[in-house]
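Visitor: Here it is, the structure, as structure tokens.
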Amino acid sequence: MPVTLITFADLGTKGNLKTPGIMPLINKFRNKKKLQKIICRLDRDFDFPNTVQGVNTFLHYLFGALGKTDLFSYYPRKLEEGLFDYKSSMYLDNDSEIVFFHPSTTFPKSAKQAKKLGSVSVGIATNAHPITNGIFELEEEKVLNKKIRSSSAQNRREELSKNIDSLDYIVAFSDFVKRSYENNKFPAEKIFVANSDIDIDYFNPEVKKEHDVFRVLFIAHIGALKGLHYLIEAWRNLDLKNSELTILGGFHSNTSSDIKKKYRQEISLFDNVEWVGFSDDVKYYYNRSSLFVLPSLTEGNPKVVMEAMASGLPVITTENARSIIEYGKSGFVVPVRDSKAIKERIEYLYHNKDEGRRIGRQARAAMVEKRPFGEAVYEIYEEICRREGL
């Protein structure tokens, strides 16, 4: 059955491809001759002929510029999504019997229009359910006794959750995402799981020089839900000779000033913590590191965990960010908010470097053997067709 894909991505030349994660799905449906139409945010001469641009280019850059300011960080994104959703709903027609929405929370008007046209709507859930993330935010504010997100961003959770109501099916990026939708009353039998991809040819375990320094790496758009403060607390309680913690990434646009101040103050107290900020050469940091840690409270299927695994690193992360990690085989999974467990796992790998290298090799093998995202979603599409009699 013909498919329309609506994606809040910019498609085109490699330099303009802002959301490459959707490309495996596009390529699979195109190769199977099932792709009828793509509606994307910006179309930069994308090579699929029936591609429609949903947002005016000038307005897109205007929204982007306004979104970089603290005063307007929330509203430009909301306005751009609303405009795109309105345009997408106008471009929908009867030609496609199944419509995929990427991500699942962005297109309420279009999902309702798809239902009106008799199309089956499938949302791609790249993150946990908005209500679940909102609960984590409220809990973490109590733990830290600090405001962790701007007030305007807090209003977004319930709004996004309502956008899901018109969808018929969900493709979740991970088991945790699936559970979060189930917990918010989306029918479990209508939720499938397909793990997203990363470029395992680019991220690979290059031959590493032996270093005297044991380097622990953290990468994220930093906000309280990434759990960096739990890693910092673990690091404070460690006393490892010739060790270094590298923090890669800047603050997420919605991070509150309280959290920014907290992290800056705490990190400044260490002489063996390097805060790099953003970098265009993430691969360099993977390949000089001994261990990757991501103590997130909530994730979709974090690219950085998969990139670290593909780079041959042992990973310590939480149950809610574990991706495809098998405990003890391709990494370690600890409870959320458990700095003691993070400390113990770091200490273990520091004293057992051969074991860390073995786990890193298993992590790389797991990424090589992982089922490609496009194949997994295409099989889900076939199952949906069977269920719907299409």
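The values are calculated or read from the model by the stated rules, or taken from the named source; none is laboratory data. Everything quoted here is computed from the prediction, not taken from an experiment. Cβ atoms come from the backbone with ideal geometry, glycine included; neighbour counts cover every protein chain shown.
Visitor: How many residues are assigned to a strand (DSSP E or B) and without any contact (Cβ under 8 Å) to a residue 60 or more places away in the chain if we restrict to region 234-264?
Guide: The total comes to 6.
Visitor: Do any strands (runs of 3 or more DSSP E) entirely within region 272-390 hold 1 or more residues that are closer than 30 Å to Ile131 by Cβ, and if so, which? Quick ask: steps written out before the conclusion?
Guide: Values: elements: 273-277, 291-294, 315-318, 332-334.
Those strands (runs of 3 or more DSSP E) span 291-294, 315-318, 332-334.
Visitor: Answer yes or no as to whether Glu206 is surrounded by fewer than 22 Cβ atoms within 10 Å (Cβ to Cβ) and in a loop (DSSP other than H, G, I, E, B).
Guide: Yes; evaluated as a whole, the condition is true for this residue.
Visitor: Next question, about the same structure. Tell me which residues, restricted to region 239-251, are hydrophobic (A, V, I, L, M, F, W, C) and either buried (at least 17 other Cβ atoms within 10 Å of the Cβ) or on the phi > 0 side of the Ramachandran plot (or both).
Guide: Hits for region 239-251 are Leu245, Ile247, Leu248, Phe251.
Visitor: Looking only at residues in region 209-228 that are basic (Lys, Arg) and either at pLDDT 95 or above or buried (at least 23 other Cβ atoms within 10 Å of the Cβ) (or both), which one is nearest to Glu379 (Cα to Cα)? Talk me through it step by step, then tell me what you get.
Guide: Start the filter on region 209-228 by keeping residues that are basic (Lys, Arg), which leaves 209, 215, 226.
With the extra rule that they be either at pLDDT 95 or above or buried (at least 23 other Cβ atoms within 10 Å of the Cβ) (or both), the set shrinks to 215, 226.
Working: Arg215: 40, Lys226: 32 Å.
The qualifying residue nearest to Glu379 (Cα to Cα) is Lys226.
Visitor: Of everything in region 11-42 that's of a type in the set (D, E, K, R) and either part of a helix (DSSP H, G or I) or at pLDDT below 90 (or both), which residue is nearest to Asn94 (Cα to Cα)?
Guide: Keep residues of region 11-42 that are of a type in the set (D, E, K, R), which gives 14, 18, 28, 30, 32-34, 37, 41.
So of that shortlist, the ones also either part of a helix (DSSP H, G or I) or at pLDDT below 90 (or both) come out as 14, 18, 28, 30.
Working: Lys14: 32, Lys18: 29, Lys28: 22, Arg30: 19 Å.
Ranking the qualifying residues of region 11-42, first place goes to Arg30.
Visitor: Right, another one. Out of (1) modelled with pLDDT under 95; (2) within 18 Å of His211 (Cα to Cα), what's the single condition that is false for Tyr350?
Guide: (1)
Visitor: Moving to a separate point now. Can you tell me which residues in region 332-362 are over 22 Å from Glu233 (Cβ atoms) and of a type in the set (Ser, Thr, Tyr)?
Guide: The answer is none; no residue qualifies.
Visitor: OK, next. Can you pull out the residues in region 235-267 that are in contact with a Lys or Arg (Cβ under 9 Å, 6 or more places away or on another chain) and among the aliphatic types (A, V, I, L, M)?
Guide: Result: Leu238, Leu245, Ile259.
Visitor: Follow-up. Looking at region 283-290, can you tell me whether even one residue there is surrounded by fewer than 14 Cβ atoms within 10 Å (Cβ to Cβ) and either modelled with pLDDT of 90 or more or closer than 19 Å to Tyr348 by Cα (or both)?
Guide: We begin by selecting, within region 283-290, every residue surrounded by fewer than 14 Cβ atoms within 10 Å (Cβ to Cβ); these are 284.
Adding the requirement that they be either modelled with pLDDT of 90 or more or closer than 19 Å to Tyr348 by Cα (or both) leaves 284.
So far as region 283-290 goes, yes, one or more of its residues are surrounded by fewer than 14 Cβ atoms within 10 Å (Cβ to Cβ) and either modelled with pLDDT of 90 or more or closer than 19 Å to Tyr348 by Cα (or both).
Visitor: Which residues, counting only those in region 246-263, are modelled with pLDDT under 90 and in contact with a Gly (Cβ under 6 Å, 6 or more places away or on another chain)?
Guide: His252, Thr255
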